[in-house]
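Report on one structure; see the data block that follows.
Throughout, read-outs are computed from the coordinates displayed, never taken from laboratory work. Since we're looking at a predicted model, the values are computed, not measured. Glycine also receives a Cβ, built like all others from the backbone with ideal geometry; neighbour counts cover every protein chain displayed.
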Amino acid sequence: MSSETSSSNGALLSVTDLEKHFPIRKGLLVERTVGAVKAVDGVSFDVAEGETLGLVGESGSGKSTTGYCILQLMKQTGGSIQFMGKELTTLGREELRRMRREMQIVFQDPYASLDPRMTVGGIVAEPLEVHGIGTRKSRTETVRRLLDIVGFNPNFTNRYPHEFSGGQRQRIGVARALALNPKLIVCDEPVSALDVSIQAQILNLLKDLQRDFGLTYLFISHDLAVVRTMSDRIAVMNQGKLVEIGTAEQVYHEPKDEYTKALFAAVPVPDPQRQRERKAERARLRQEARSGGNGSI
Amino acid sequence: MALLEVNDLKTHFFTREGVVQAVDGISFSLEKGKTLGIVGESGCGKSVTALSIMGLIPKPPAKIVGGEVLFDGRDLTKLGEREMQTVRGNQVAMIFQDPMTSLNPTLRIGTQITETIRTHTEMSKQDARKRAIELLEEVGIPRSAERLDDYPHRFSGGMRQRVMIAIALSCSPRLLIADEPTTALDVTIQAQILDLLDELRQEHDMAMILITHDMGVVAEVCDDVAIMYAGQIVEQASGFELFEKPEHPYTEALLGALPQLEGDEREIRQSRLTAIPGRPPDLVNPPEACRFAARCPYASYEDSCTEVEPQLREIRAGHWVRTAHPTSERSGEREPVNA
């Protein structure tokens, strides 16, 4: 892991007061804005080079929206995003296109995120073509090398995604994200659609790739155990806000925020004895929340 | 006598590609008031098992080709559709994974609950409505009398699952089959639903079969656990026994594949998860050998288990396992599992 710095405070990625509000409109002919859904509401964090920041939260907490805004796949409504020392929110199209070589994404659903009409080779080569890298021949070589790295048989480049299982497809998705040799990869629930044994394969792969290529991950997931194995630091989101951020150790062992506590207590662990204790702890927290006057959980 | 006894149940699907042996000779029994967890990965046959008990498998292509499902001594596989309808709902009820699709979006919640009640009892409309309000209260839906007239889209996922549970409980079944009841829900909601199911089960002295892929959920809820792989039960024991002393290499690998929530920080970050290489066998042509042999880190070519299928055997009292290489009989060093 190198500690090369690029932004003013030394982070590879620096998000400040990020805001994404979706307007709520009413009226048929004359539309007026009557309010806003604050999907992301004043979120700030840094990610250092070579580090994994885990972003956890339940559905609707704004974790994926945050990821999309960082990649500029969605335009934020406020705040700043500094990546490799550049302010992404004000970049022009062409400059943004160049920056995209450095930041890629792996999506949740390997069944929906691969074009069914493209061959595996075509899918992995596409980013290279878009950015005009190499000749056709060298690209074929690169694709084979990438597939080999992610543990996908390179002889299957002419096959189509539907011929492969979920785990294999996610490997194709990872190869595509690696194609441009990016610095940052946003992993948006990369293993949620997979069975546990396959999930383990992909998580191990992502760890290996990080070690070998010094990648930086923003790892978005609802699964706290998965986030824990992957992350150096963890940020917890709830209803568009970042409620807690710290090293994995801090957040898991001494959570400060009430929501974080409730979230951790809710996860069942595969140990009946331990789970009994956790269940009691959960009941206690709920009782506390009730007597404390906020019965949200 | 056990409330439910499944003996050598075989459910096969007759497709153009061949006969898919989705459930291939499984047996278990469940006592009154107890909870059995059936765990396995996608395609292992756990849901087909549930549907077979309920008599809800799609015929054709599916067919129960062997075995029996004894509920209270009566073989459910022999019942006609008419008789089965009196069992379903009344005696055995089921809730499904997706509370978004298992309610009819065009009918009010109240209608859907009273419909079930009135199908199975002689209750008048008013009484059924009263009972529906009670049920919604019981499953923890606030302002239940008003919510009765709402359509499903006005309920959140967790609330919809509560409504499904209310419907399932409406005729006080003695067995509840829950097929991945919390998979579509957030963890905090999952915890609420699991607590609710447990409470209701105790109050009504109901037996429950919980089908899930989540080892944590099983650890929380179940008295007994059956691990399924490729259409068969490969290991079965009490929850405490199974998690403490897993015997089957597959169970071991499944537990090793789980990321840890608790434990030492450095250990967690540096350790690799146990990935299981390969994939489950094709159930059209399952191997005659042990179905896990091809992925098993302990099976080698000299072993009989690569040729003959090992039988389910009782390795300790109440602990059944189908493998030639159970943990407690393995000598020497553990071989590493290659990812």
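A few remarks follow.
- Reciprocal of mean inverse Cα separation for segment B:1-96 (Kirkwood radius, Å): 13.8
- Computed from the Cβ-Cβ distance with R0 of 35 Å, the FRET efficiency linking B:Glu17 to B:Arg272 stands at 0.45.
- Computed from the C-beta positions of B:Glu203 and B:Asn104, the FRET efficiency with R₀ = 35 Å rounds to 0.80.
- Spin-label zone in segment A:86-115 - amide nitrogen under 18 Å from a point set 7 Å from the Cα of A:Asp212 along the C-beta vector: A:106
- Point-to-point label distance, A:Ala283-B:Glu314, nm (Cα→Cβ direction, 7 Å offset): 3.4
- Within chain B, the longest run free of exposed loop sites, counting trypsin sites (Lys or Arg not before Pro) that sit outside DSSP helix and strand states (H, G, I, E, B) and have at most 12 other Cβ atoms within 10 Å, spans B:144-333.
- Per residue of peptide B:266-274, the mean number of Cβ atoms on other chains within 10 Å of the residue Cβ is 5.
- Residue range of chain B that is longest and free of GluC sites (Glu not before Pro) which are both DSSP loop and sparsely packed (at most 15 other C-beta within 10 Å): B:123-261
- Rh (Kirkwood; distinct C-alpha pairs) - segment A:174-225, Å: 11.6
- Over all other residues within a Cβ to Cβ distance under 10 Å of A:His131, the charged ones net out to +2, with Lys and Arg as +1 and Asp and Glu as -1.
- Segment B:134-194, Rg to Rh (Cα coordinates; Rh as Kirkwood inverse mean 1/r): 0.95
- Value of relative contact order over chain A, rounded to a whole percent, pairs C-alpha under 8 Å and six or more apart: 22
- For the peptide B:211-218, the mean number of other protein chain Cβ atoms found within 10 angstrom of a residue's Cβ is 3.
- Between the listed residues B:His319, B:Ser144, A:Met84, the Cα displaced farthest toward the positive end of the dipole of the protein assembly as shown, a dipole computed from Cβ unit charges relative to the Cα centre, is found at A:Met84.
- Using equal-weight Cα scatterers in the Debye expression, the normalised intensity of segment B:180-339 in log10 at q = 0.12, 0.16, 0.19, 0.20 Å⁻¹ is -0.63, -1.04, -1.32, -1.39.
- Label-to-label distance for B:Lys125 and B:Lys63 is 4.5 nm, based on points extended 7 Å past Cα in the beta-carbon direction.
- Note on the protein assembly as shown: Kirkwood radius taken over Cα pairs, Stokes-Einstein applied at 4 °C and 1.567 mPa s, translational D equal to 48 µm² s⁻¹.
- Computed over all pairs of different Cα atoms, the Kirkwood value for the hydrodynamic radius of chain A is 20.7 Å.
- Adding -39500 (n - 2.57) for every DSSP H run of four residues or longer, then dividing by how many residues chain B holds, sets the calculated 222 nm ellipticity at -9000 deg cm²/dmol.
- Computed over the alpha carbons of chain B, Rg followed by Dmax gives 21.4, 71 Å.
- Mean projection area, nm², convex hull over Cα of segment A:32-162: 11.2
- Estimated translational D of segment A:119-249 in µm²/s (Stokes, Kirkwood radius over Cα pairs; 25 °C; 0.890 mPa s): 155
- Selection of chymotrypsin sites (Phe, Trp or Tyr not before Pro), segment A:62-148, meeting DSSP coil and at most 16 other Cβ within 10 Å: A:Tyr111
- Rounded tilt (10° steps) of A:166-178 against the dominant C-alpha axis of chain A: 70
- 10 Å Cβ shell holding at most 16 others, DSSP loop, GluC sites (Glu not before Pro): longest site-free stretch of chain A: A:32-297
- Computed E for B:Ser328/B:Ala2 - FRET, C-beta separation, R0 22 angstrom, nearest 0.05: 0.20
- When the chymotrypsin sites (Phe, Trp or Tyr not before Pro) in segment A:137-239 are filtered for DSSP coil states and for at most 14 other beta-carbon atoms within 10 Å of their beta-carbon, no site remains.
- Here A:Phe264, A:Phe45 are placed in order of increasing Cβ neighbour count within 10 Å, fewest first, which gives A:Phe45, A:Phe264.
- When DSSP beta bridges are restricted to pairs lying wholly in the protein assembly as shown, around 60% turn out antiparallel.
- Non-local lysine pairs in chain B, meaning eight or more places apart or on different chains, with alpha-carbon distances under 17 Å, amount to 7.
- Listed pairs A:Lys63/A:Lys207; A:Lys20/A:Lys86; A:Lys256/A:Lys279; A:Lys38/A:Lys261; A:Lys75/A:Lys256 exceeding 27 Å between Cα atoms: A:Lys75/A:Lys256
- Degrees between helix A:272-291 axis and first principal axis of chain A (Cα, 0 to 90, nearest 10): 60
- Of the chymotrypsin sites (Phe, Trp or Tyr not before Pro) found in segment B:1-103, not one falls in a DSSP loop while having at most 15 other beta-carbon atoms within 10 Å.
- Shape metrics for segment A:185-297, restricted to C-alpha atoms - Rg then Dmax, Å: 15.8, 51
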